[in-house]
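Data first, discussion second: the structure below is written as structure tokens.
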Amino acid sequence: MTQPEILAAIQQELADLEQISFVAHRDTREALGAIQSQGDEIALEWVRACKALFQHDRDAGKAFIRGSRAVLDASGEVLAWTNQALSFLQWRGSWKALDGFMGQLPAAYHILGSTGEARWAELGIAWCGRHLESGAAYFRCPVVELAATHGIAGVEELVLPAEDLFSQRRLALATYLPGAIRVRNLLGVEAVQPWAKRGADILQAGRLRGEAFFKLESEESMAMLLENLPGFRTPEHQRLLQLILYAWFGENFDLLDGNWSPDKGRAFVETDGASLYLPIALPSREEAILALLHAAGHLVFFSFERRYIEALFHEVGREHPPLDADKRITWRPLFAAFGEDMIRFQLIFDLCEDLRVDTRINARVPNYLTRLLAAAEAATLPAGAAAAYFELARQTLRWIASDAPQQVEMESWRPLLNESATIVDAFRIANLLYADTNLPPMTLAEREHAYLPGRSPNAARPVYPRRELDHAEFGTGTEDQDDAVKNTEIKPNPEKREIPKQAAGEDPDFDIPPEETTGSGGRVGVGIPQPAHVTGHARGAEYSEKGKPYAEWDYRDGRYKRNWAWVQEKELTELDANEATRLLTQYAPALKRLKRAIQTQKPARMAPLRRQFDGDELDLEAAIGYIAEKRAGMSPKANIYRQRVMQHRDTAVTLLADISTSIMQSSEGGGRVVDHIRAGMLLFAESMEEVGDPYSLAGFASKYRDNVSYYSIKGFDQRLTPHARAVLGGLSGRLATRMGAAIRHAVKGFDRAPSQRRLLLILSDGRPADYDDGGDERYLHEDTRMAVKEAVDAGVHPFCITLDAAGSQYLPQIFGPGHYVVLDHINDLPKKLPEIYLRLRK
Amino acid sequence: MKGFLNRLRGVERDIIQQPVEDEAGAPYYEAQENEVEIFEAAYKKRLPVMLKGPTGCGKTRFLEYMAWRLKRPLVTVSCHEDLTSSDLVGRFLLEGEATVWQDGPLTRAVKAGAICYLDEIVEARTDSTVIIHPLTDHRRQLPLEKKGQEIEAHEDFMLVISYNPGYQTVLKDLKPSTKQRFIGINFDYPREEIERKIIQNEVPELDTTQVEKLVATGRRARTLKDHGLEEATSTRALVYAGNMMVAGIEPVEACKAALVNPVTDDPELAEALMEIIKAHFAV
């Protein structure tokens, strides 16, 4: 084609466009000038593309035409992206994707370069082929965010795994991308995939929950992320941390979840004067322990002692503000005088107080300062204004770690090392230091970096003032009338707040905390009484409401989901004493037979039995004694045998009944399944009374993973009361069967059992299943199998008695061969249940 | 020659140990409170004594010391589950065609006027503990049922039992009727300065700062007793740890071997104990 021909062809195309749309024609003309600078042939291609796209879809065409100019400026070429744009012709309704594509192209060229751009477009176009909506979401996603700082590799690491998720779990990119980008920013790319997999599972169980998960709005999503946080994970070491604190300070502190998440900046151990709040993860074990000791040190060495706080406010010539509804105090007014420069003063004050407390801790915990200093030396100096504070803190630490030698510049700190120094002294010294400081001003955002590892902002939370010292130790003359009020009363520990287990609506007041009747007034010092506070409580309370979390096994990932299934202990409230009596009468003959059988094989005593009148072996010692005594002319008893009996170790047993909805069905043997279960459990209980082994009875049902109800009917240490019998009589079915969580909880229950041998009898009528298993039977099967394995590891022998005729298909995999029994005739259940136990305990 | 033989096969000694007369042979004991006076008073009046306290706090050592001080022979019987009354009192044995009666350790002590020490008496079966009843009241008699005899105790005879209220289950407690027959002396782990003295004395090669650290570690570790430790870190264990250090083991490792590994299988508890040890020793 010759040059004039080309130009003519362009004009022809333009004319055609004008025929179709005035606007398109105008826009094309506008952009054409710039495009033609690349050559007329290229311009022709481009105009043809404009027309083709416009004819295919008006919006797509418009987007292409209007975007071209900017793309040209960014790329300096035309053909490559024009051809890419033409691929969108394959799909109807692809304008959204193309719109996004054109919008992001300049950025793509800018950030990824032209080869990167090509790959970026290729990936997106492939997505359009899979799922147009996903393609649109891909192209609409800002390239900066997709790539993070990793260029095209960043795009690939995020998007390629999504292909599998799409093909296997139908997870659309629109759902995945925004959350995935945030997750990657917070925790790195490794965390994205497990998070997305979990999300896809949840999405299968329920659309709304799934979407909330991907928007990172739901708690489970955040929990899942926290699960994958690197570092020293405090929830897993809670007991260790508690033991360490107890060892050093002889006090039990409440360790609560500090509700920290990675997007909130640096992780700190915080305290509110009553409890310690731990972030879910700290960078290292050493830092965690130091931070814990430090925070506890504040509590032990009176940073939050009530009178000192009063004295502090006295110092600035203010009344301290009224306590908030939870009877906490905030420090804010103390710093109010410093206005804009508050943070600078706060940091200096913290520095002084931390120095004081660390010195005191070191007297209790040998080498504490050395370790603190080692951690501080190992840390990298933060950037910006925080560096000066950090360095100063390090310097003071070095000074006290080397036994505080005489140094001119350090002398102003010295009073803090005195054993009788208090937070008030720290405040005074902070004021002096502040007066001639050359530390740079700080912003709130930078503040967190000013702290040494292990230390944290002291006034991070409103505090419950402690009252530990009595008049003799501290006399500021501010003592007041309410000293008689006990310390415990101002330590409302959210976790210990009693929340009735059965929240089924019987008691409308169940979430109202007990009313204040102590009359302490609402404030420390001068008192204005505060009204009883009725709204929900701070974090930490959720633990007791949600029950106890257990891990669940996900066979698809081959790993545990931590804190996944939540078990709540509840009581059964439907009582039917008449039914219990009726059943006992009905089964009286069977019970009689059972009891007789039990009596014959009652456990005698710990074997081996010596000095028996008969037996398989000679008791040598007894025999010699016998002969010797006989020779000596006496007439000894001939108890010279030893019996090698099977050891009748004492056994504790829990009978755990599945009381899901299915037991309400009628059974082929007449009556409903539940009737037989009631009778079975009753007879079991009565027989166990005869046997004398410790036993407990419980039922379980579930609805979703966070709602597993565990109904304890009789504990090991309880007697079989008429109430327990009535509960058995009134047993009814509800909800589904999340067996793994129930087994784990029952195994925990054996902690209270006195016996060596522990048997867990599970009475079920069907396979493990729950509403949120997404129809994947295998999931809860595998979880139950793992729960059984854990039980065995914990020294509990699980055994399943099922009424499900199909039980032999899945029970061998879950419980192992020989560890289950399928009852063919449901009428046998009441008789069989005690028999099975007696057989097992042999 | 005799020394060589002893090293070769151990020393055979009679169960009734005659007291060592010289000062040098005195067992080392550091009095914690007034236990020495109480014991001497009880001995003066020939009252039976019960030593109560956790393992490794020095009960046995105290008794060795008292026996030496009072110049009485000491018969020690470690009680165990299968200890029958004939193990204590005696039995008929066959010898050739005849039978001979052999006195048990308790009988011998009663006859010889020794101090008879029944260590960890709760471990013995209850039927064997009741035979000591007549010995513990004004009768001071030991009935030998099989021989049809009763033995009046030698006037210097004294019965002492030890008993650790900690680790037995409720089922294994002493009968109240047995308990109330004794003068009770409570033992606990010694005070800090006494414990230092003890360790310094038992492990003279250990330098003072190490002793101090060891004692501090032990005291700190004891605070965890109610948190899952069935037996707290005993003074004996501290002495062992000191010995291990002297034998060339790193202090942290020595403490781990002597203070942590034996007392707990609970990983978290062990970690907490190690934390204490490291705080003191690892710098």
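Any read-out appearing in this document is the output of simple, stated calculations on the displayed coordinates, not a laboratory observation. Since we're looking at a predicted model, the values are computed, not measured. Positions of Cβ are backbone-derived with ideal geometry, glycine not excepted, and every protein chain shown enters the neighbour counts.
Structure values in brief
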item	result
Assigned charges on the beta-carbon of Lys, Arg, Asp, Glu; chain B dipole about Cα centre (debye)	680 debye
Quarter of Cα convex hull surface for the protein assembly as shown, i.e. mean projection, nm²	66.9 nm²
Förster radius 35 Å - calculated FRET efficiency between B:GLU95 and B:GLU231, Cβ distance, rounded to 0.05	0.20
Alpha carbon convex hull of the range A:298-369, volume per residue in cubic angstrom	101 Å³
Inter-label distance for B:LEU47 and A:ASP16, nm, one decimal - labels placed 7 Å from Cα along Cα-to-Cβ	12.2 nm
The range B:168-272, relative contact order in percent, only Cα pairs under 8 angstrom and at least six apart counted	22 percent
Packing-based exposure ordering (other Cβ within 10 Å, fewest first) of A:ILE801, B:ILE38, B:ILE151	B:ILE38, B:ILE151, A:ILE801
Estimated [θ] at 222 nm from DSSP helical runs (n ≥ 4, -39500 (n - 2.57)) normalised by residues in chain A, nearest 500	-16000 deg cm²/dmol
FRET efficiency, 1/(1 + (r/R0)^6) with R0 56 Å, evaluated for A:ASP751 and B:GLU145 via beta carbons	0.75
Model label zone, A:ASP73; criterion: amide N under 16 Å from point 7 Å along Cα-to-beta-carbon; scope the range A:5-38	A:30-37
Nearest-ten-degree value, helix A:386-401 long axis tilted from longest Cα axis of chain A	40 degrees
Rh (Kirkwood; distinct C-alpha pairs) - the range B:75-159, Å	13.1 Å
Debye equation applied to the C-alpha atoms of the range A:342-458, log10 I(q)/I(0) at 0.11, 0.13 Å⁻¹	-0.32, -0.45
Taking A:LYS703, A:LYS637 and counting other C-beta atoms within 10 Å, the order from fewest to most	A:LYS637, A:LYS703
Distant alpha-carbon pairs in the range A:147-186 (separation over 17 angstrom), percent	26 percent
The range A:342-458 - percent relative contact order, Cα under 8 Å, separation 6 or more	47 percent
Label-point gap, in nm, between B:ASP14 and A:GLU419 - each point 7 angstrom along Cα→Cβ	5.7 nm
Per-residue average of Cβ from other chains inside 10 Å of A:616-628	3
Given charges at beta-carbon only (K, R positive; D, E negative), |dipole| of the range A:242-315 in Debye	100 debye
DSSP-defined beta bridges in the protein assembly as shown - what % are antiparallel, rounded to 5	40 percent
Mean Cβ count within 10 Å, highest first, over the residues of peptides A:555-561, B:196-202	B:196-202, A:555-561
Hypothetical label at A:LEU89: residues of the range A:41-83 whose amide nitrogen lies under 12 Å (7 Å Cα-Cβ projection)	A:45-57, A:83
Semi-axis lengths, Å, the range A:656-791, gyration tensor of Cα atoms, sqrt of 5 times eigenvalues	24, 20, 12
Residue pairs, from the table A:LYS215/A:LYS546; A:LYS789/A:LYS831; A:LYS215/A:LYS561, whose Cα atoms sit over 26 Å apart	A:LYS789/A:LYS831
Once the Cα gyration tensor of the range A:117-169 is diagonalised, semi-axes √(5λ) in Å	18, 12, 9
Inter-site label distance for A:GLN168 and A:SER284 at 7 Å from Cα along Cβ, in nm	3.6 nm
Averaged over A:342-355, number of beta-carbon atoms from partner chains that fall within 10 Å	0
Filter on A:LYS703/A:LYS748; A:LYS630/B:LYS71; B:LYS71/B:LYS179; A:LYS630/B:LYS45; B:LYS52/B:LYS111 - keep pairs with C-alpha separation over 31 Å	A:LYS630/B:LYS71; A:LYS630/B:LYS45
Shielding by partners, peptide B:271-278 (average Cβ within 10 angstrom, other chains)	5
Taking A:SER667, A:SER167 and counting other C-beta atoms within 10 Å, the order from fewest to most	A:SER167, A:SER667
Ranked packing of B:207-214, A:676-683, most packed first, by mean Cβ within 10 Å	A:676-683, B:207-214
Charge dipole (debye, nearest 20) of the range B:192-281; +1 at Cβ of Lys and Arg, -1 at Cβ of Asp and Glu	220 debye
Listed residue (A:ALA311, A:ALA679, A:LEU299) projecting farthest to the positive dipole end of the protein assembly as shown, Cβ model	A:ALA679
Between helix A:285-300 and chain A: long-axis angle, C-alpha atoms, 0 to 90°, nearest 10	70 degrees
Rg/Rh for the range A:3-225, where both radii come from Cα atoms and Rh is the Kirkwood radius	1.06
Whole-angstrom gap from the range A:731-746 to the range A:40-92, using each part's C-alpha centre	61 Å
Efficiency of FRET from Cβ geometry, A:THR380 and A:VAL408, R₀ 45 Å, rounded to 0.05	0.95
Convex hull volume per residue in cubic angstrom - Cα atoms of the range B:175-283	120 Å³
In degrees, nearest ten, helix A:95-130 long axis to first principal axis of chain A (Cα)	70 degrees
